[in-house]
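Just below is one structure, and these are the notes that go with it.
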Amino acid sequence: MKWFAERGHTVTGVDRSPEAIHAAASFGDAVLADIENDPWPLMAGAQVRQFEAVIVTNYLWRALFPLITQSIAPGGLLIYETFTKGNETVGRPASPDFLLQPAELLSVFESLRIIAFEEGFLENPPRFVQRIVAVQPDLRDETDQVPKRYAL
């Protein structure tokens with residue numbers, strides 16, 4: 001949150017830790033919520049709130065994939081990085097429940113326009129990860145599926 005807030009972006013963070021929320025509150029909207037067991041906290045009435053960018057790091061709860069996708073505004077960006085199969089050989093998390101399968105993010109977010117995808121081993125600290133950067137198509141403008149600011 002801090003990095004984006006320092007660059008002038010409006011930010012919203014969600015965590016179940018009161019300590020994390022307290023630390024993040026000075027950078028933007030910090031929402032205390034257990035997103036695995038409680039209702040989705042980022043609602044606008046009956047609709048899921050949408051954001052220009054959704055960033056998820058070091059977190060995997062597969063049941064939230066549809067809500068994450070719905071949270072990306074048309075033309076908005078997703079950046080997602082978390083641990084993948086193989087990480088059990090170097091540390092935690094080690095449970096298959098918290099490790100992505102090979103290319104899993106590609107299939108989960110197949111409705112988005114994939115800009116970049118990477119998976120593999122990182123040395124410092126040692127970990128196996130998957131990363132994806134994708135854009136939510138703006139179906140209101142079928143002539144430009146990728147906003148110019150993201151075009152390669």
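The values are calculated or read from the model by the stated rules, or taken from the named source; none is laboratory data. Everything numeric in this text was worked out from a predicted model, so none of it was measured. Quick reminder, even Gly has a Cβ in these numbers, built from the backbone with ideal geometry, and neighbours come from all protein chains shown.
Summary of values
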quantity: So Val146, is it at pLDDT 95 or above and not assigned by TED's automatic domain parsing to the domain that holds Phe4; calculated: no
quantity: Restricting region 49-59 to residues that are under 23 Å from Gly75 (Cα atoms) and among the polar types (S, T, N, Q), the residue that is nearest to the chain's Cα centre (by Cα); calculated: Thr57
quantity: Residue in region 59-71 that is assigned to a loop (DSSP other than H, G, I, E, B), without any contact (Cβ under 8 Å) to a residue 24 or more places away in the chain and farther than 22 Å from Phe4 by Cβ present; calculated: no
quantity: Scan of region 24-34 for residues that are closer than 21 Å to Ala5 by Cβ and part of a loop (DSSP other than H, G, I, E, B), ordered by number; calculated: Gly28, Ala33
quantity: Test: Ala53 is within 17 Å of Val133 (Cα to Cα), among the small types (Gly, Ala, Ser) and touching a strand residue (DSSP E or B) at 6+ places or on another chain (Cβ under 8 Å); calculated: yes
quantity: Subset of region 72-89 (residues that are touching a strand residue (DSSP E or B) at 6+ places or on another chain (Cβ under 6 Å) and not in a strand (DSSP E or B)); calculated: Gly86, Asn87
quantity: Number of positions in region 91-104 that are under 10 Å from Leu60 (Cβ atoms) and not in a loop (DSSP other than H, G, I, E, B); calculated: 4
quantity: Residue satisfying condition, being over 22 Å from Ile79 (Cβ atoms) and either touching a Pro at 6+ places or on another chain (Cβ under 9 Å) or hydrophobic (A, V, I, L, M, F, W, C) (or both), within set Ala20, Ala5, Ala46; calculated: Ala46
quantity: Qualifying positions in region 44-82 - farther than 16 Å from Ile114 by Cα and among the small types (Gly, Ala, Ser); calculated: Ala44, Gly45, Ala46, Ala63, Ser71
quantity: In region 33-43, the residues that are surrounded by fewer than 17 Cβ atoms within 10 Å (Cβ to Cβ) and farther than 19 Å from Leu77 by Cα; calculated: Ala33, Asp34, Glu36, Asn37, Asp38, Pro39, Trp40, Pro41
